[in-house]
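Report on the following structure.
Nothing in this text is a laboratory measurement; each read-out follows from the coordinates by a stated rule. Every value quoted in this text rests on a predicted model; they were computed, and no experiment measured them. Because the Cβ atoms are built from the backbone with ideal geometry, glycine has one as well, and the counts that use them run over all protein chains shown.
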């Protein structure tokens, strides 16, 4: 991506956590969290930034990320809403576990509100989308060695976004340090996939390799 519309996502400290997301050269969004930045909470923030900020600002990123995130459901607004309900529910349960706390009744009801609304409306497309979302996440989990319900494209786009679209790794480094942990893939195929997605890479000698801007 030629313009660094999205820059680093990071957090630090215990208790009250500060997280900054930079948009372009000047605009910065700051999050103040009441708990440490756990893996689950970080994933929620990454997806939120990608969908709610990155996608509207950057059309080419929007198309690629929504395809990677929603899969075949992306063309249906109702089914995307069902997918988001399921994804958010799973994230929140995981966050509660990482925090070592139980989900309260109030939080339980609040998180179920999209499902309750769909029940009240007898929203058939929503429930069809929900069933498809369950299958999609299940298939993604079983296709990865770490059982995380993600896709390679989604992971690569989020990785690039979190690193400010900088050329931080060669293909070999990216594969050895990260991708190989959840997916077996040849360097050449990974390099080709990064090129198609516009993911910046260093060349094998450590110098930045030219890529075609999105």
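From least to most packed, judged by other beta carbons within 10 angstrom and beginning with the fewest, 136, 116 follow the order 116, 136. Rounded to 0.05, the FRET efficiency of the residue 62 and residue 168 pair, given R0 = 30 Å and the Cβ-Cβ distance, is 0.85. Going from the fewest other Cβ atoms within 10 Å to the most, the residues 79, 181, 62 appear in the order 181, 62, 79. You can think of it this way: the chain between residue 120 and residue 77 has 13.6 nm of extra reach, that is 0.36 nm per residue less the Cα-Cα gap.
How big, in percent, is the set of alpha carbon pairs in segment 91-214 lying more than 20 Å apart? Walk me through the numbers on the way to the answer.
Numbers: 4566 of 7626 pairs.
Result for the distance tail: 60 percent.
A viscosity of 1.002 mPa s and a temperature of 20 °C, combined with the Kirkwood radius over C-alpha pairs in the Stokes-Einstein formula, give segment 129-197 a diffusion coefficient of 166 µm²/s. Shown for 123, 117: other C-beta atoms within 10 Å of each C-beta, ranked fewest to most, produce the order 117, 123. A straight chain from residue 52 to residue 89 at 0.36 nm per residue would run longer than the Cα-Cα distance by 11.5 nm. With only Cα atoms counted, segment 72-146 has Rg and Dmax values of 13.6, 39 Å. A full extension of the chain between residue 148 and residue 195 corresponds to an added length of 14.5 nm, given 0.36 nm per residue minus the alpha carbon distance.
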